[in-house]
Amino acid sequence: MDDGILEEYLDRYVRIHFAPDMIGQGLSAFAEGKLYDYSQNGILIEERDGSLDYIPFSAVRLVQIKPKPGLWERLTGSS
C-alpha cells in the first residue's frame, strides 16, 4: 500500500467497516468519524464527541470516504 494514500483525506468523514471476524454479537459492524491520522498499523478517527478511536488495519474490511461537500452544502450547511 502506498504510504501517503490517505494523506489527502485527513479531516474527511469516513466509515470504517470491520472484518467479519472482528464483529461481536450486539456490536456495530462499522465506526464513523473524521480521519484524524493513520500509520502503517492502523487508523485514528475522531468521533463526533471529540474522542479518538484507534482501529488496527487487521480489523478493517473497508474504508468509505465521504465526498467533500459541494457548493450548495457549504452555503446552506446541509449534508
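The values are calculated or read from the model by the stated rules, or taken from the named source; none is laboratory data. Everything numeric here is computed off the predicted structure, so don't read it as measured data. When we count neighbours, we look across all protein chains shown, and the Cβ atoms used for this are built from the backbone with ideal geometry, even at glycine.
A single entry from 70, 50, 26, 42 fulfils the requirement of being at pLDDT below 85 and out of contact with any His (no Cβ under 7 Å at 6 or more places or on another chain): 70. Pairs meeting the criteria (first residue in region 1-19 and more than 15 Å from residue 34 (Cβ to Cβ), second residue at pLDDT below 90, beta carbons under 6 Å, at least 6 apart or on different chains) are lacking.
In region 46-68, what count of residues is obtained for those that are surrounded by 10 or more Cβ atoms within 10 Å (Cβ to Cβ) and closer than 16 Å to residue 8 by Cβ?
Looking only at that region, the number is 5.
Considering the conditions (1) on the phi > 0 side of the Ramachandran plot; (2) surrounded by 10 or more Cβ atoms within 10 Å (Cβ to Cβ), residue 26 is excluded by exactly one of them, (2).
One residue stands out among those in region 4-20 that are part of a strand (DSSP E or B) and either exposed (fewer than 13 other Cβ atoms within 10 Å of the Cβ) or not aromatic (Phe, Trp, Tyr) (or both): the one that is farthest from the chain's Cα centre (by Cα), which is 17.
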